[in-house]
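Participant: A single structure is presented below for examination.
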Amino acid sequence: ALPDARGGIRFEDVTFAYGTGRVILPAFSLDIPAGQTVALVGTTGAGKSTLAKLVSRFYDPSKGRVTLDGVDLRDLHPRDLRRAIVMVTQEAYLFSGTVADNIALGRPDATFDEIVAAAKAVGADAFIQSLPDGYHTDVNKRGGRVSAGQRQLISFARAFLADPSVLILDEATASLDIPSERAIQDALQTLLADRTAIIIAHRLSTVAIADRVLVMEHGAVIEDDTPEAL
Ligand code: ATP
Ligand code: MG
């Protein structure tokens, strides 16, 4: 996605509370330069998913602002925001329809060749080819059932095709079967290249490929360093 769309993310003095509840992020500031891969780690309830949801505008800050290349996310057209920032969640949702439809979700204009190229890039092509109707297999029909690891690969192909400047990934906590775990690590490397990435990381192997690791606790960053240093 880089360099035309840059992808720098900044939190400027962001305070956030869900509804009128307790403050989750108190005056939070963070600068993520374009192209950087950041791994977020920390105890449960630290605010990692909340931070990710503010970047993808599931929520807006109560105070302060989140910017993309210096522009307040609230000032971006929703269409431009969805194009620039893509979040891949733990559940890796598949919708009723074919595998190809599912990959093309964010890019309805994509050609079949582009869909296949995206699947190949993240290593999903082989298993898709082995499905009863290949790319035309209905994911809800008998024979179209895919494993958790395969679902993750399909959602990676979807994100690769969407080609956002910022990718947010809430990594699955559930352990996947070993071959797909390896396939997913390889896919991740491809997916992260040339874009900004914020990964809520549960695997050490993911933390290791990040440029920077942020350790969060109680809505604050308590450590900010390279994976080697931590
Ligand atoms: P985990 O590692 O368990 O996923 P996390 O670091 O992602 O944790 P968050 O989900 O960001 O943590 O939650 C931070 C705090 O916000 C927690 O105290 C949580 O209970 C609270 N919280 C999260 N979502 C909501 C919500 N929709 N409404 C109210 N409070 C929420
Ligand atoms: Mg979370």
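Participant: If you average the sequence gap of Cα pairs under 8 Å that are 6 or more apart and divide by the length of region 9-225, what percent do you get for the contact order?
Facilitator: Numbers: 394 pairs, mean separation 66.5, N = 217.
Reported relative contact order: 31 percent.
Participant: Report, to one decimal in Å, the Kirkwood hydrodynamic radius for region 186-230 based on all distinct Cα pairs. Provide the component values of the computation, followed by the final result.
Facilitator: Numbers: mean 1/r = 0.0875 Å⁻¹.
Result for region 186-230, one decimal place: 11.4 Å.
Participant: Nearest-5 percent of antiparallel DSSP beta bridges in the chain? Don't skip to the end; give the middle numbers.
Facilitator: Details: 19 of 37 bridges.
Around 50 percent antiparallel, to the nearest 5.
Participant: With each run of n ≥ 4 DSSP H residues scored as -39500 (n - 2.57), what mean residue ellipticity at 222 nm is computed for the chain after dividing by its residue count and rounding to the nearest 500 deg cm²/dmol?
Facilitator: About -8500 deg cm²/dmol.
Participant: Please report the Cα spread of region 9-225 along all three principal axes, rounded to whole Å, starting with the longest.
Facilitator: 52, 37, 32 Å, listed from the longest principal axis down.
Bear in mind that the values in this text are calculations on the coordinates, not laboratory data. These figures come from a predicted structure and were not determined experimentally.
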